[in-house]
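Scroll down for the structure; my scribbles are underneath it.
The values are calculated or read from the model by the stated rules, or taken from the named source; none is laboratory data. These figures come from a predicted structure and were not determined experimentally. With ideal geometry, Cβ positions are generated from the backbone for all residues, glycine too; neighbour counts draw on all protein chains shown. Keep in mind that these areas ignore ligands, DNA and RNA; they rest on the heavy atoms of the full protein, side chains included. Shrake-Rupley method; radii C 1.70, N 1.55, O 1.52, S 1.80 Å.
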Amino acid sequence: MSITLEQEALSGKPAVTIYVNTREFTWATKEISYEQVYALAFPNDPLNGDVVRIEYSRGHNGGGAGALQPGRSIRVKKGMVFDVYVTVRS
């Protein structure tokens, strides 16, 4: 998923490169939500009853790392890395 120059101009912020499950994406808004990260990782698979864990690194505040929770958003930083793990409930 790539953000167009028009979308970048509307957001008021230059687009940055982020990585989701080792794939490179261009992102132009200042925040990204749990659901948006999941959609980048698995564009053809809707969220369902599976357990999904999203971890990030290289974030703000000195290389901030942590986990992104459902329904929450995080500020995006150039070079930020997201790892999305899906575990099927048993």
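What the table below lists for this structure:
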item: Compactness of segment 13-90 as Cα Rg over 2.2 N^0.38 Å, two decimals; result: 1.06
item: Probe 1.4 Å, all protein chains present, accessible-area order of Tyr34, Tyr85, largest first; result: Tyr85, Tyr34
item: Portion, in percent, of the accessible area of segment 28-90 that falls on carbon or sulfur, probe 1.4 Å; result: 48
item: Length gained when the stretch Val88-Thr22 is fully extended (0.36 nm per residue, less Cα-Cα span); result: 21.6 nm
item: Glu31 accessible area, assembled protein chains, probe 1.4 Å, Å²; result: 80
item: Electrostatic dipole magnitude of segment 45-84 [Cβ: Lys, Arg +1; Asp, Glu -1; Cα centre; debye, to 20]; result: 340
